Amino acid sequence: METVATAAYETAYSKPIFAGRTFRGAPVSELDPFTTEIFDDPRVFHDALLNAGPLVWLERHGCWAAARYEIVRSILSDWKTFCSSRGVGLDDFGKVKPIRKQSEILEADPPDHTPLRQVINRVISPVAIKRLTARWTEIAEELVECCLQKGSFDAVTNLAEEFPLTVMPEAIGLKLSRDYLLPYGSFVFTIFGPDNELRRQAFSQAPALLKWLDQQVRRENLTSTGFGAEFYAAADRGEITEYQALVAVRALLGAGLDTTVNTISAAIEALASFPDQWAKLRAQPSLARATFEETLRFDSPLQIFFRTTSRSVTIGEVELQEGEKVAIFFGAANHDPRRWTDPYKFDIERKTAGHVGFGHGIHTCAGQFVARLEGEVLLEVLARLVSSIQVTDPKTIRYNNVLHGAASLPVTMERA
Ligand code: OVV
């Protein structure tokens, strides 16, 4: 197996990426991927993983890292061997009790996973959500108009957060406060990571967040139209249990906000950084959906989920035993030069099919059509109403163990 340790890798972080040793035939990294130095600049680390071979041993966490596109796809395709029911974070639910009640959609394998997934697929299918387009376009136009009046504003809080926070509670049918939506999303994702400061901080917020959540997801606290009511209607028809309907609402709240916020701000940042692509989008606003898709590849909002081996398996030359954790690096796989030409070029006309920004296989993002509609609507409105986007100050990063995105992105926009 190739082991790579070039000069660039040696200097990017506080310690070398590779220890110069192997473990069970794979290169060993002593570096902790769940630290601010890598959150700030993941590319060097990702390129090193991609170069090193099919698997790298992350010594700090006692787990494997998979970054190459083909390996990532093959792991995600093989849900029998690489299961989700033992958790998609670093904790093995076979050994550690989950802090949230185990998700019957995210943290489940077939056959348990299947009925709920089918209901979710139907309730938020492309056809089912199409009716939202006109209303969401209106909201996006109002919001962008409001930003244009400000001139200078924060593309994260004023736009990337504001849009999903306006359209999603209404679409789900939430009656109660939206105040905890983003904190809950951050919490859910960061606890997939290792026991570090970020995760301990999240734990300290758990009681308040889980109490809020418990109220939000109840049938009586949802409007009679909306995704939530439709999940409960499916329960009434006996397609899923009442509890599974609750799990579906909970999944929308956890997975459906921070992820799109990050993708929208990433798209705005990329369009500001690649003026030729912004010009292309302005000339042809119908490229909005493709722009959102390329953003998912270029700057993937979800960086890492884990799988657990349910039996022994060989990847490359490494023999994995039952009960091992593998970290799937979605963002890195979306930059694998074996698969993508010029991977760090943002190209809205690129053929993005097959990117793993929404994952791959039976657990592929269930909300992907909702996310795409949000992205398409907002970017199309920007392309029509805005002539220029300039980043005026460096962005700040929102630190999270598995999500990647900005906390602030100061911009100015001019009216078209
Ligand atoms: C994909 C995802 C993220 C967060 C939470 C859930 C799912 C859930 O099922 O609760």
Quiz item: So which residue, out of Thr137, Thr392, Thr190, gets the largest mean-square fluctuation from a GNM of the chain using Cα contacts under 10 Å as springs?
Solution: Thr392
Quiz item: Roughly how many Å² is the accessible area per residue of region 262-416, as a whole number, for a 1.4 Å probe?
Solution: 36 Å²
Quiz item: Between Gly94 and residues 5 or more places away or on another chain, which pairs have amide H atoms under 5 Å apart, with H built 1.01 Å from N, and which residues are they?
Solution: none
Practice problem: Starting from the alpha-carbon convex hull of region 38-156, give the projected area averaged over all orientations, in nm². | Solution: 12.1 nm²
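Over the chain, what relative contact order in percent results from Cα pairs under 8 Å that are six or more residues apart?
It rounds to 23 percent for the chain.
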Quiz prompt | Heavy-atom surface of region 101-171, accessible at 1.4 Å and reported per residue (Å²) | solution = 44 Å²
Self-check item: Under the Karplus curve 6.51 cos²θ - 1.76 cosθ + 1.60, θ = phi - 60°, whole-Hz ³J(HN,Hα) for region 110-120, x wherever Gly or Pro sits
Solution: x, x, 4, 5, 5, x, 5, 4, 5, 5, 4
Exercise. Taking a cut-off of 16 Å between Cα atoms, list the aspartates and glutamates near Lys280, but don't count ones fewer than 8 places away on the same chain.
Key: Glu269, Glu293, Glu294, Asp347, Glu349, Glu376, Glu380
Quiz item: Suppose R0 equals 22 Å; then what is the FRET efficiency for Thr223 and Thr137 from their Cβ-Cβ distance, rounded to the nearest 0.05?
Solution: 0.55
Quiz item: Put +1 on the Cβ of every Lys and Arg and -1 on every Asp and Glu Cβ in region 140-245; which of Ala233, Phe203, Phe187 then has its Cα farthest towards the positive end of the dipole?
Solution: Phe203
Quiz item: What is the ratio of the Cα radius of gyration of region 157-285 to 2.2 N^0.38 Å, where N is its residue count, to two decimals?
Solution: 1.25
Quiz item: What is the Cα radius of gyration of region 346-415 over 2.2 N^0.38 Å, N being its residue count?
Solution: 1.38
Quiz item: Using every alpha carbon pair in region 296-390, what percent of pairs falls into each 5 Å bin from 0 up to the bin containing the largest distance?
Solution: 2, 11, 15, 19, 18, 15, 9, 5, 3, 2, 2, 0
Self-check item: Carbon + sulfur, % of accessible area of the chain - ligands and nucleic acids excluded, 1.4 Å
Solution: 53 percent
Self-check item: Positive dipole terminus of the chain, leading residue within Phe298, Thr412, Gly323 (C-beta point charges)
Solution: Gly323
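If I take R0 = 45 Å and measure r between the Cβ atoms of Lys150 and Arg122 in this structure, what FRET efficiency does the formula 1/(1 + (r/R0)^6) give, to the nearest 0.05?
0.65
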Quiz prompt | Gaussian network model of the chain, springs between alpha carbon atoms under 10 Å - residue of Val326, Val96, Val28 with greatest fluctuation | solution = Val96
Practice problem: Using a Gaussian network model of the chain whose springs link C-alpha atoms within less than 10 Å, name the residue from Asp258, Asp276, Asp179 with the highest mean-square fluctuation. | Solution: Asp179
Practice problem: Could you calculate, for the chain, the ratio of the Cα radius of gyration to the Kirkwood radius, expressed as Rg to Rh? | Solution: 0.96
Exercise. Could you run the Karplus curve 6.51 cos²θ - 1.76 cosθ + 1.60 with θ = phi - 60° over region 289-295 and give me ³J(HN,Hα) per residue in whole Hz, x for Gly and Pro?
Key: 5, 5, 5, 5, 5, 5, 4
Exercise. Using label points projected 7 Å from each Cα along Cα→Cβ, tell me how many nm separate Lys175 and Ser286, to one decimal.
Key: 4.3 nm
Quiz prompt | Estimated FRET transfer efficiency (Lys345, Asp214; beta-carbon r; R0 56 Å; 0.05) | solution = 0.80
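The values are calculated or read from the model by the stated rules, or taken from the named source; none is laboratory data. The shown structure was predicted, so the numbers you read here are calculated from the model rather than taken from an experiment. Ideal geometry is used to build each Cβ from the backbone, glycine not excepted, and the neighbour counts take in all protein chains shown. Areas reflect the complete protein model, heavy atoms only, side chains present, ligands, DNA and RNA absent. Shrake-Rupley method; radii C 1.70, N 1.55, O 1.52, S 1.80 Å.
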